[in-house]
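What follows is a short report on a single structure.
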Amino acid sequence: MTMPAEGLRSSVDQMQNYIVSTKAGRVLKRPAFDYDDLMRDLFYHGHEPVKIWTAEEYESEIKELQQAIEEERKTA
């Protein structure tokens, strides 16, 4: 299998969803081919990222927080 030339995207490349927390306090969901593609898109649109998660990491973190809240409610 041949790889596409550097900088070119093809139908073989899978886009991944990222969740981005910005310096302005916004939380964005952005699709990108990779981290570099995401960063170019964010800076092009004037967003300064503070924290970046993949969609899977973000969902996992949300589930952990929800479980912690439920445990706290049970003990309160």
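Rank the residues L38, L65 as a footprinting-exposure proxy: fewest other Cβ atoms within 10 Å of their Cβ go first.
Numbers: L38 19, L65 10.
The order, fewest Cβ neighbours first, is L65, L38.
Along Cα→Cβ, 7 Å out, is where each label goes; now give me the distance between the ones at Y35 and K74 in nm to one decimal.
Distance between the two pseudo-spin positions: 3.6 nm.
Over segment 16-75, consider all pairs of different Cα atoms and compute the Kirkwood hydrodynamic radius from their mean reciprocal separation; express it in Å, one decimal.
12.6
Students often forget the sequence filter, so: which lysines lie under 28 Å Cα-Cα from K51 once same-chain residues fewer than 8 apart are removed?
Leaving aside lysines fewer than 8 places away in the same chain, those within reach of K51 are K23, K29, K63.
In nm, what is the difference between 0.36 nm times the number of residues separating V50 and R26 and their Cα-Cα distance?
7.6 nm
We did not get these values from a lab; they are worked out from the coordinates using the rules stated. Please read all numbers here as calculations on a predicted model, not as lab measurements. Every residue, glycine as well, gets a Cβ built from its backbone with ideal geometry; the counts of neighbours run over all protein chains shown.
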